[in-house]
Each structure stands twice: as structure tokens, then as C-alpha cells.
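The values are calculated or read from the model by the stated rules, or taken from the named source; none is laboratory data. The structure presented is a predicted model; accordingly, all values stated were derived computationally and were not measured. Reconstructed Cβ throughout: ideal geometry from the backbone, glycine too, with neighbour counts over all protein chains shown.
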Amino acid sequence: MQIFNNWDIVAKGWYIACASQEIPKKQAKSVELCGQKIVIFRGEDGQVRALDAYCPHLGTDLGIGKVDGNLIRCVFHHWAFDKDGICEDIPCQSEIPKKAKVKSYATAEKYGFIWVYPDRNALENLVEFDELKGKELVAEPDQAFTRNCHYHICMMNGIDAQHLRTIHHLDIEMELSLNRSQLGTTIDFTMVGEFPQTTWRERLGKKFLGSKYQYSMRYADGCIGLLTMMKNVRLFPPLHLIYAYTPITPRKTKIQPIYVTEKRPGILGFLISKFLLFCTRLAYYMLRDEDGKIYDNIQFNPQLLLKIDQPLAEYMQYVNKLEPSQWSKNEVQIPDFSKK
């Protein structure tokens, strides 16, 4: 099945619904996500839930309803639904029809955002950086923006060795790491090379950081990119940047950059964390500003791939092995992977 660059298919994975601060305790909000209307609500226990937004009774938007304990009540007739989308109460009668339910979705809350998975149970947890696992984090989002192409195309920018050499003047070699997750939903690319010396800044950087640099891209679910820069250099810890991609209509991609670092104790630790987030921001803007026009005007049609383009081919093969979700277009036949 052609999943890569296919607007009709939404692969199973984690997609940003909204910022955590938008959903305070006992509040609800409806959002458009991957072509679906989803209600997000936070119960009195502080946990976030996600359901299809429309009440099965007469189709009222549950997002304008009221959170009652850990249930969401429809504003029209006060039907109440739990985290699994099961109706628990109909005020006008004691009997509850079996069909009084809506679809529910797994949620995660991390990096300052609420993420939704297009199924009741997620195949895997939200992806993490290896260096930051088990640590308390500081996450700082930048302003989201859109591109006029499919998110699968945008995501390949960081592993396009030919582009990095010719446009960004980075003399790199690229090695594909085959340590994928058990379900094949993540794939890692590692880039290593010599620091360029064309400007005084680059020569100064080489003097303090060493002659070689390394960075890695971890792709998850074909919709999240984890970029780690400044790996294995002197006098500087790694910098971490998340790119979260969401398809929006009409055929646009929303990209949410998130800067992430370890939370460090004390005033000095706070200042170090802020400095690292600032450095990550600088690196991000350097890359984004140069490539924006390319992806806003591209008509992707790979007719001739070179040997140097092998990472791109590997990425496309990885995406085509992902599992389509129920959010894919109805006319797309979704295979039953559970029988394999």
C-alpha cells in the first residue's frame, strides 16, 4: 500500500491536539485533528480524555458541554460519557441503549502538549530522546507554521544528504541505524562529518567543539521527528528539537517545533537550561529560513535517485510499512494487521 505522500491515509501515531494549558481541570474543548472532530476534556482527577466530538443522540458537539466529575455531559440533553465513550447517564430515563457510545482515543500529555492516538489503545508510547529518558524535562514550543506539501516530504529535510551538502555546505556522511522499534514505527538516522571552515564562526566552533560533528534524526509513526544536534562534541551537551507534523486541509501540513532539554537544579541549572533552549532555537531558525520556499512550492515526483539519496529511499520504505488508522479515508481499504 502506498502510504508515503498519500493524503488519504493517516497512519497510527501520536498527533498534537492542543497545548496542555488550553484544557484546565474540568474543562472541555473540541478540536479538528487529521480531519476528525475530537473533544478533549480534563476530569476532576486531572487526567485528559479524548472522544469523538458529536453526541450519538442528536449530534451535539460535546466540546460545548460540561465536565461532570470525570464525565463529559452533552449540553443539549445532559447525556454523560466516560473516558471510554460509554454513556453512563441519561437524565430522562434509567435505561441506557447499547448504542449510546462514541469512539474513544488514547491520550498522552508531554512536552507541553496533549497528544491523541487514533485508536482506543496506542501501539507504543509517545517517542522520546534516548539521552532524556527518565529525566525531568523543560519544553519550550515555538510558533507553529504550515507548509504546502505533505508532511512526509517535509520530514525528509534532515536526512537529505545531497541537500545538506549543496545548500548548507555540510560535508557529511550518513549512516542508517537499523535499530527500529519492535513494531517498526520508529527509525533512526545518524549523520557525522567534519565542521566546515568557510566562515570565522565555523572556524571558532571547530576550535572549541572539535573537528567532527554528529547529529541524529529519529522518526516516529511518520509524523514526529526528533532531532539531536551537537552530539559527541567538546564543551557542549546535545541539543534536542521535536518536529510534530499534522495534516490539515486543504492539503497543508502544520508543523509544531518544540525545544527540549533536561531540567537542571538551582538557579545555575535554570540558566543553563535556558541557554541550551536558546541555542536550539538559533539552530532551528537557521535551517527553517533557508528551506521554507522549497517546501511551499515543491511537486514531489522522484524519478531519479542517486546513491547519496539512499536515506530518502529508506525513509519512504519505512513509511510504507506503517499501519493505517481508522482516520484514513473511508474508500481506502485498511488491511487487518492483527492476523499477521
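Sort out which residues of region 22-56 are touching a Gly at 6+ places or on another chain (Cβ under 9 Å) and touching a residue at least 60 places away in the same chain (Cβ under 8 Å), and write them in order of number.
ILE38, ILE40, listed by residue number.
Could you give every pair whose Cβ atoms fall below 6 Å, whose first residue belongs to region 178-190 and is farther than 15 Å from LEU123 by Cβ, and whose second residue is modelled with pLDDT of 70 or more and in a loop (DSSP other than H, G, I, E, B), counting only separations of at least 6 or pairs across chains?
Final answer for the pair search is none.
Identify the single condition in (1) at positive phi; (2) at pLDDT 95 or above that HIS169 does not satisfy, given that it satisfies every other one.
HIS169 satisfies every listed condition except (2).
Scan region 256-269 and give yes if some residue there is within 29 Å of GLN162 (Cβ to Cβ), of a type in the set (Ser, Thr, Tyr) and out of contact with any Ser or Thr (no Cβ under 6 Å at 6 or more places or on another chain), otherwise no. Write out each step before concluding.
Initial filter on region 256-269 (within 29 Å of GLN162 (Cβ to Cβ)): 256-260.
Now drop any that are not of a type in the set (Ser, Thr, Tyr), which leaves 259.
So of that shortlist, the ones also out of contact with any Ser or Thr (no Cβ under 6 Å at 6 or more places or on another chain) come out as none.
No - not one qualifying residue is present in region 256-269.
Only one of (1) more than 25 Å from the chain's Cα centre (by Cα); (2) assigned to a strand (DSSP E or B); (3) surrounded by fewer than 23 Cβ atoms within 10 Å (Cβ to Cβ) is not met by ILE72, so which one is it?
(3)
Suppose the filter is more than 17 Å from the chain's Cα centre (by Cα), outside the structural domain of PHE145 (by TED's automatic domain parsing) and of a type outside the set (S, T, N, Q); does VAL31 pass it? Full working, then the answer.
Numbers: more than 17 Å from the chain's Cα centre (by Cα): no; outside the structural domain of PHE145 (by TED's automatic domain parsing): yes; of a type outside the set (S, T, N, Q): yes.
Answer is no for this residue.
State the number of residues belonging to region 5-51 that are crowded, with 21+ Cβ neighbours inside 10 Å and outside any strand (DSSP E or B).
6
So which of GLY112, GLY134 ends up being without any contact (Cβ under 8 Å) to a residue 60 or more places away in the chain and under 30 Å from SER216 (Cβ atoms)? So that I can check it myself, show each step before the final result.
Values: GLY112 fails: without any contact (Cβ under 8 Å) to a residue 60 or more places away in the chain.
Just one listed residue meets the conditions, GLY134.
For GLU136, indicate whether it is at negative phi and within 25 Å of the chain's Cα centre (by Cα). Working first, answer last.
Details: at negative phi: yes; within 25 Å of the chain's Cα centre (by Cα): yes.
Considered against the rule, which asks whether it is at negative phi and within 25 Å of the chain's Cα centre (by Cα), GLU136 comes out as yes.
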